[in-house]
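Below is one structure, written out as structure tokens; comments come after it.
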Amino acid sequence: MRRTAEDRAMGVGFGGNAVFNRASPSSNPDCVARIVAEFLPAAGRPPRLLDIGGTAGGFRRLAALPPGSRLVIANPERGVGADYAYVQDMPPGEADFDLAMLFGVMMYLPPEDLLTLFRDVKQRLRGDGTLLVAEPDPEGVVGRVEVAAKTVYAAIVSLWNPTRFIFHTQGAARALLRQAGFGRIRSRPDLRPGGQGFAPPPQPPYFVLAARI
Ligand SMILES: C[S@@+](CC[C@H](N)C(=O)[O-])C[C@H]1O[C@@H](n2cnc3c(N)ncnc32)[C@H](O)[C@@H]1O
């Protein structure tokens, strides 16, 4: 799994601030502020956060975290300021997270690798912790255009570097989360970036799920 995921990540390597990611919650100050307000413990102990596939220029840059907070980034892409390449590389002590985020990463992983990742994350979350998953929605009109565009893009890039995207629907993501042991899963469209002023919301639309044990 490690080699395959790394190959995919290195092959595409969008990075956290690329224009491709404007629709991700971690690229948007309002969404980041709402996530910080809702999913961190109210007081008493320093929050612990895990950003899987995150970058120092994304959530970490935008989040105003309380003093003493720990935000761990796991991402195999070089130069994005990650603390670890993969979650499975993290020592057992990297646990008790209040919040884990997986934004725009599922497209790199086949279902069996995603299930393994969800199970690992579940082990590292606090009992009342939350896993937030956000992914470009392959369903709907824009989603289908996005799937077609990514498929063509991957075919062209594959001429010199094997590249493949895997399109997970919201229903498939929910099923994998349930299989991994997340019992409470809610759709959170309010955590998607909205349009500002007269501007339309960034595309493609993401689905956002909040999963708890
Ligand atoms: C489209 S970017 C999303 C960046 C950021 N999370 C955001 O929402 O803007 C996807 C990132 O996922 C990373 N990635 C791919 N497979 C991964 C894995 N198995 N574990 C952690 N990160 C992974 C890639 O290296 C890439 O930087």
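Nothing in this text is a laboratory measurement; each read-out follows from the coordinates by a stated rule. Keep in mind that what you see is a predicted model, and the values were worked out from it rather than measured. All Cβ positions, even for glycine, are placed from backbone atoms using ideal geometry, and neighbour counts span all protein chains on display.
Multiplying the sequence separation of Ile213 and Thr169 by 0.36 nm and subtracting their Cα-Cα distance, what value in nm do you get?
That pair, Ile213 and Thr169, stretches by 13.7 nm at full extension.
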**Study point:** Relative contact order of the chain, pairs being alpha-carbon contacts under 8 Å that are 6 or more residues apart, as %
**Key:** 23 percent
Review point. What number, rounded to the nearest 500 deg cm²/dmol, is the helix-based mean residue ellipticity at 222 nm of the chain, given -39500 (n - 2.57) per DSSP H run of at least four residues and division by all its residues?
Key: -10000 deg cm²/dmol
Check your understanding: Taking a quarter of the surface of the convex hull around the Cα atoms of the chain, what do you get in nm²?
Key -> 11.6 nm²
Check your understanding: If a helix is a whole DSSP H run, which ones in the chain reach 18 Å or further along their own axis (Cα) and hold a mean Kyte-Doolittle hydropathy of at least -0.5?
Key -> 140-157
Review point. So, in nm, how far is label Arg34 from label Ile156 when the simple model puts each one 7 Å beyond its Cα toward the Cβ?
Key: 3.4 nm
**Study point:** Ranking of Ile156, Ile73 by count of other Cβ atoms within 10 Å, fewest first
**Key:** Ile156, Ile73
Point to revise | Separation in nanometres of the label points that stand 7 Å from Cα toward Cβ, at Ala43 and Glu139 | key: 4.3 nm
Review point. Nearest-5 percent of antiparallel DSSP beta bridges in the chain?
Key: 40 percent
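Which of the trypsin sites (Lys or Arg not before Pro) found in segment 48-123 are loop residues per DSSP with 12 or fewer other Cβ atoms within 10 Å of their Cβ? Intermediate values should be presented prior to the final figure.
On the way: sites: Arg48, Arg60, Arg61, Arg70, Arg78, Arg119, Lys122; in loops: Arg78.
Taking segment 48-123 and a limit of 12 other Cβ atoms within 10 Å, the loop trypsin sites (Lys or Arg not before Pro) found are Arg78.
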Exercise for review: May I ask for the longest run of the chain untouched by chymotrypsin sites (Phe, Trp or Tyr not before Pro) that are loop-located per DSSP and have at most 12 neighbouring C-beta atoms (other than their own) within 10 Å?
Suggested key: 1-159
Practice item. Provide, for q = 0.19, 0.24 Å⁻¹, the log10 of I(q)/I(0) from a solvent-free Debye sum over equal Cα point scatterers in segment 160-213. Key: -0.78, -0.94
Study note, to complete from the structure: Check: C-alpha center segment 101-124 vs C-alpha center segment 172-194, spacing in Å is 12 Å
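Looking at segment 27-129, I'd like the Rg to Rh ratio, where Rg is from alpha-carbon atoms and Rh is Kirkwood's inverse mean 1/r.
0.94
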